[in-house]
1. Within the stretch 30-86, which residues are touching a residue at least 40 places away in the same chain (Cβ under 8 Å) and closer than 19 Å to residue 6 by Cβ?
2. Among (1) within 20 Å of residue 75 (Cβ to Cβ); (2) at pLDDT below 95, which single condition is residue 31 missing?
3. Can you find a residue that is surrounded by 11 or more Cβ atoms within 10 Å (Cβ to Cβ) and touching a strand residue (DSSP E or B) at 6+ places or on another chain (Cβ under 8 Å) anywhere in the stretch 62-80?
4. For residue 30, which of the numbered conditions (1) surrounded by 13 or more Cβ atoms within 10 Å (Cβ to Cβ); (2) in contact with a helix residue (DSSP H, G or I) (Cβ under 7 Å, 6 or more places away or on another chain) fails to hold?
5. Being part of a helix (DSSP H, G or I) and over 11 Å from the mean Cα position of the chain (by Cα) is true for just one of 66, 48. Which residue is that?
């Protein structure tokens, strides 16, 4: 029963990742996509790009698909993935 929803969510996430990768390239920033794990994406972001990347990531991913409800994007930060999840 849940497979249809999970599949749609995965497709939306893939669209968001492609859009994010294109935006990073178009902006000419040093930040880069490193890894996707399920519904998470890990980026390496230099300190001087931190604020700009927060805005870019949230805007790009939230606008990946037009729905009747907003897509929610949560960010967390850390020197490692474990730090960011903690």
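1. 61, 64, 65, 71
2. (2)
3. Scanning the stretch 62-80 turns up no residue that is surrounded by 11 or more Cβ atoms within 10 Å (Cβ to Cβ) and touching a strand residue (DSSP E or B) at 6+ places or on another chain (Cβ under 8 Å).
4. All conditions are met except number (1).
5. Being part of a helix (DSSP H, G or I) and over 11 Å from the mean Cα position of the chain (by Cα) holds for just one of 66, 48, which is 48.
The values are calculated or read from the model by the stated rules, or taken from the named source; none is laboratory data. All values derive from a computational prediction rather than experimental measurement. Neighbour counts are summed over all protein chains in view; Cβ atoms, including those assigned to glycine, are modelled from backbone coordinates with ideal geometry.
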